[in-house]
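Everything below concerns the one structure shown next.
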Amino acid sequence: MWTRAELKSRAKEGLKNYYWNGVLAVFVQGLLVFAVSLIVKLIPFVSIILSPLTTIFVINVIAVGLASYFIKSTRNQEDAGVGELFHGFQGGGYMHVVCVQFFRSLFTFLWSLLLIVPGIMKHYEYYMVPYLAAEYPEKSRKEIFQMSKRMMDGNKFNTFVLELSFIGWLLLGCVACCIGTLFVAPYMQATCAELYLKLKEERLGILREDVTSDPLAGGNASEDEYHAGAAIAQNSGVIGIGIKKGYLTGIQGEFAGANIPMERGDVLKIGRDPSQCNVVIKGAQTSRLHLIVEFDGSAFRVTDQSTAGTFNLQQGQLPKGQAVILQPGTYLQLGSGGDVFVLECK
């Protein structure tokens, strides 16, 4: 589970490499929004119509570009280039970005008509939509909204508190005729990007690094790729340098709140039978030997051995008797009961 201190610490560490470029990106974004808004207001009679259209077709798209800039800069800990602000206008995905951002604003507005609180709740439910639209232009609007909802489930209030924690900095920035807020904005944006990357790991099982070329990272890697990746890493000296500890963390049920550590090579056997298992759960939906979890220092190899089934809450039921490579951040439910765990790597 993320903490404000963790996110802010990582944001400050990364900003050391691109802070002034981040200030420039925020300044250019603000200048573009101001210029577009000013031009529209100077056009007589039609500004009342052009103003919302400008927001839909220009300003919202620039907001996605700013999100893209800080995602890439935060992930790589180096400047992504101010040109990233125009990310939403490039690559043939412009209308998709327009559509996603429009419906985000529309749904939030419609919920706000009911009462203020539902509108605020929806605002935070859709909090990650600009970031997801920036990174996943191939995904439909419905998929992006579902992903944001999954990421923010249980994190809305904590995100609200995270934003409140910047009030002191913003007030300090306002002292200098509001110009000082320009120098605080990169810190806020980088922290929000850290939150996005963290929740992708925790809720979607997507590592912050590019995992497409790393068999150790899991995802859709096959059994052979998993072992081949581990062997390559070990022979090249990677394992032992970048190894992290794995954890099977209880989210709900008998082991709620427990963190079971795993070193590379450790195997956890979960079930009702103490003679077969080293993690004993006596739930009605738990088999004598329900689940086997192995950790290689980076990825998890999970095998369901149960009658009631084991469910990846992001992707569905695991095949029985077949090893599956899962990424850190995957949530597993034993049967249809109340025992839920998350695989973590720290």
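Laboratory data are not the source of any read-out in this text; all were calculated from the coordinates shown. Every value quoted in this text rests on a predicted model; they were computed, and no experiment measured them. Note: ideal-geometry Cβ built from the backbone for every residue, glycine included; neighbour counts use all protein chains shown.
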**Fill in**
Long-range amide H partners of residue 288, meaning residues 5 or more apart or on another chain whose placed amide H is closer than 5 Å, are 272
**Request:** Using the Cα centre as the reference, give the magnitude of the dipole from point charges on the C-beta atoms of the chain (Lys, Arg: +1; Asp, Glu: -1; all else neutral), rounded to the nearest 20 debye.
**Result:** 820
**Message:** What whole-number distance in Å separates the alpha-carbon centres of region 156-202 and region 1-65?
**Reply:** 14
**Asked** Based on the Cα atoms of the chain, what semi-axes does the equivalent ellipsoid have, where each is the square root of 5 times one gyration tensor eigenvalue, given in whole Å with the largest first?
**Response** 42, 22, 19
**Integer Hz, Karplus 6.51/-1.76/1.60 couplings in order for region 246-256, x for Gly and Pro** = x, 9, 9, 9, x, 9, 8, x, 4, 9, 4
**Cα-projected label distance for residue 4 with residue 43, points at 7 Å along beta-carbon direction, nm** = 4.3
**Prompt:** Going through region 261-331, which chymotrypsin sites (Phe, Trp or Tyr not before Pro) have at most 11 other Cβ atoms within 10 Å and a DSSP loop state?
**Reply:** none
**Item:** Degrees between helix 116-125 axis and first principal axis of the chain (Cα, 0 to 90, nearest 10)
**Value:** 60
**Asked** Which one of 113, 95, 333 has its Cα pushed farthest toward the positive end of the charge dipole of the chain, where Lys and Arg give +1 and Asp and Glu give -1 at the Cβ?
**Response** 113
**Request:** Identify all lysines with a Cα-Cα distance to residue 139 below 25 Å; exclude those on the same chain that are fewer than 8 residues away in sequence.
**Result:** 72, 122, 149, 156, 198, 200
**Item:** Kirkwood hydrodynamic radius over Cα pairs of region 45-102, then Stokes diffusion coefficient at 37 °C and 0.692 mPa s, in µm²/s
**Value:** 271
**Prompt:** If the viscosity is 0.890 mPa s and the temperature 25 °C, what translational diffusion coefficient in µm²/s does Stokes-Einstein give for region 272-346 when Rh comes from Kirkwood over Cα pairs?
**Reply:** 197
**Prompt:** Any idea what the relative contact order of the chain is, in percent, if you count C-alpha pairs under 8 Å spaced at least 6 apart?
**Reply:** 13
